[in-house]
Amino acid sequence: EVTRARLMGRLAQALYWSDETERMRALSQEALAIARRIGDPTAIAYALHSRHVALWGPDHVAEVRAAAEEMLQLGESSGDRDIQLMAYTWLITDALETDPIEKVDGYIAGYTRLVEELQLPHLMGYVESIHATRAHLEGRFDDMTRSAKAQLALREGPYGASAERAYQAQMRLLHLDLGRIGQELVDDLTAGAKRFPESVYRIMLSLALATLGRREEALAELSWLSPDELTRIPRDCMWSSTLAMLARAVSRLGAVEYAQPLYDLLWPYAERNCLVGGGFMSFGPISRYLGMLATTFDEPDLALEHLEDALERCTELGSPPLAARTRMEMARAFVQRGRDGDASRAAALLEEADRAAAEMGMAALADTLGRIRAELASTRDEVAVP
């Protein structure tokens with residue numbers, strides 16, 4: 001029975017990227033039921049791991065968190081450090097989505113302590129990958145690159161391929177995030193989009209092209225996914241980050257036709273942070289993207305409501321870069337609304353965001369802030385004309 005439960009759980013995990021979602025979840029549920037009936041703590045822990053994999057996505061946050069916490073309890077009570085390590089990786093991922101950064105750091109410290117005690121260098125590669133995510137949140141972009149590279153040396157042998165994928169993903173996302181978009185990145189994303197024509201690669205390519213001001217090309221990369229077809233995006237561990245990147249592209253392009261359907265999909269998750277897969281990067285509060293989309297479909301009051309919430313969540317995440325970007329979006333919404341006092345509010349937000357951008361070397365953000373400031377000045381000039 002123990003073997004049967006383990007095999008069913010492993011099969012469920014193997015089906016994660018397939019379209020057999022219902023079968024995957026049924027297998028994981030049955031594996032857990034068998035393990036609980038047997039009462040073997042190790043079998044239960046591994047079945048909980050499989051269950052977490054099967055439910056990993058936007059719709060089962062409470063259940064997967066409970067599974068990870070139970071795994072840790074089982075690992076600690078039995079002294080099984082492998083189970084504890086497995087639990088900590090899930091707890092780090094889950095907490096990045098829902099908790100203040102202090103909670104995340106506590107789980108990272110727990111995982112790191114175990115790896116150091118066991119002297120497992122290849123698992124330190126995961127530690128470096130998470131350190132890269134943390135550095136990105138704090139605006140230490142050079143440290144992020146160093147940590148992302150460090151994992152390559154630590155995760156050799158059978159772990160080398162996954163380390164290389166993690167590194168490449170983090171570098172792509174970092175360059176997109178900072179607007180460091182050269183021809184090499186465009187070529188890389190173009191190649192990915194050709195291999196996987198209906199995938200996040202095309203959305204990343206659209207965002208890159210939009211950032212470069214290549215509007216028509218950027219819109220063409222979204223042609224496979226019409227506004228009515230957004231529900232086609234798989235609701236897996238990449239769902240929220242895929243929609244967040246799409247929201248960024250839509251906002252930059254002013255693609256109003258996508259904005260409301262995207263908003264409606266993301267709205268139920270407004271209280272969460274947006275995470276890329278197993279923690280390659282945090283895109284911050286989903287409420288920030290809701291605010292951007294509301295500005296796009298010309299609802300500045302709604303946008304400001306979301307963005308004020310996002311700013312508080314950025315503080316909980318300990319992320320000056322995300323806070324600076326949120327202030328920029330708030331300034332944009334104030335300029336759009338144009339009520340008495342809004343221009344002054346926008347100017348103060350732009351100044352604060354500009355100061356943070358200069359401190360962290362966020363040149364692309366500084367350029368965008370300059371454009372909004374010019375728009376604000378133009379608005380003021382129009383008002384001053386008798």
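The values are calculated or read from the model by the stated rules, or taken from the named source; none is laboratory data. Nothing here was measured: the structure is a model prediction, and the numbers come from that model. When we count neighbours, we look across all protein chains shown, and the Cβ atoms used for this are built from the backbone with ideal geometry, even at glycine. What goes into the accessible areas is simple: the full protein's heavy atoms, side chains included, and nothing from ligands, DNA or RNA. Shrake-Rupley method; radii C 1.70, N 1.55, O 1.52, S 1.80 Å.
Summary of values
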item	result
Angle in degrees between helix 363-384 and the longest Cα principal axis of the chain, rounded to the nearest 10	30
³J(HN,Hα), Karplus 6.51/-1.76/1.60, whole Hz, each residue of the stretch 330-335, x for Gly, Pro	5, 4, 4, 5, 5, 4
Per-selection Kirkwood Rh - the stretch 59-217 (Cα, Å, 1 d.p.)	17.4
Whole-number Å³ per residue for the convex hull built on Cα positions in the stretch 214-267	75
Ratio Rg/Rh [Cα only; Rh per Kirkwood] for the stretch 228-386	0.98
Global geometry of the stretch 307-381, whether rounded, prolate or oblate, following the gyration tensor of its Cα atoms and the 1.5 cut on a/c	oblate
Computed over the stretch 1-120, the ratio Rg/Rh where both radii use C-alpha atoms and Rh is Kirkwood	0.98
Rg in Å to one decimal, and Dmax rounded to a whole Å, for the stretch 274-324 via C-alpha atoms	11.4, 34
Surface per residue (accessible, 1.4 Å probe) for the chain, Å²	44
Tail weight of P(r) past 14 Å, computed on alpha-carbon pairs of the stretch 160-230, percent	60
Separation between Cα centres of the stretch 310-386 and the stretch 201-222, rounded to whole Å	24
Rounded to 10°, Cα long-axis angle of helix 183-195 versus longest principal axis of the chain	50
Distance histogram in 10 Å bins (all Cα pairs of the chain, percent per bin)	5, 21, 31, 24, 12, 4, 1, 0, 0
The stretch 91-177 shape via C-alpha gyration tensor axes, a/c threshold 1.5	oblate
C-alpha center-to-center spacing [the stretch 225-280, the stretch 20-71] in angstrom	27
Tilt relative to the chain, helix 2-14 - C-alpha long axis, 0 to 90 degrees, to 10	20
Shape category assigned to the stretch 270-360 from the gyration tensor of Cα positions, a/c cut at 1.5	oblate
Other-chain or far-sequence residues with amide H under 5 Å of residue 273's (modelled H)	98, 286
Under 12 Å, Cβ to Cβ, from residue 369 - net charge with Lys/Arg +1 and Asp/Glu -1	0
Karplus (6.51, -1.76, 1.60) ³J(HN,Hα), θ = phi - 60°, over the stretch 272-286, in Hz, Gly and Pro reported as x	10, 9, 9, 10, 8, x, x, x, 4, 6, 9, 8, x, x, 5
Amide H within-cut-off set for residue 281, under 5 Å, with H built and near neighbours excluded	276
Estimated [θ] at 222 nm from DSSP helical runs (n ≥ 4, -39500 (n - 2.57)) normalised by residues in the chain, nearest 500	-25500 deg cm²/dmol
The stretch 250-368, relative contact order [Cα under 8 Å, separation at least 6], %	18
Cα pair distances exceeding 13 angstrom across the stretch 249-296, given as percent	56
Kirkwood hydrodynamic radius of the stretch 186-306, Cα pairs, Å	14.3
Rounded percent of accessible protein surface that carbon and sulfur make up, the stretch 45-165, 1.4 Å probe	52
In order through the stretch 20-27: 3J(HN,Hα) via Karplus (6.51 cos²θ - 1.76 cosθ + 1.60), integer Hz, x for Gly, Pro	9, 4, 5, 5, 4, 5, 5, 4
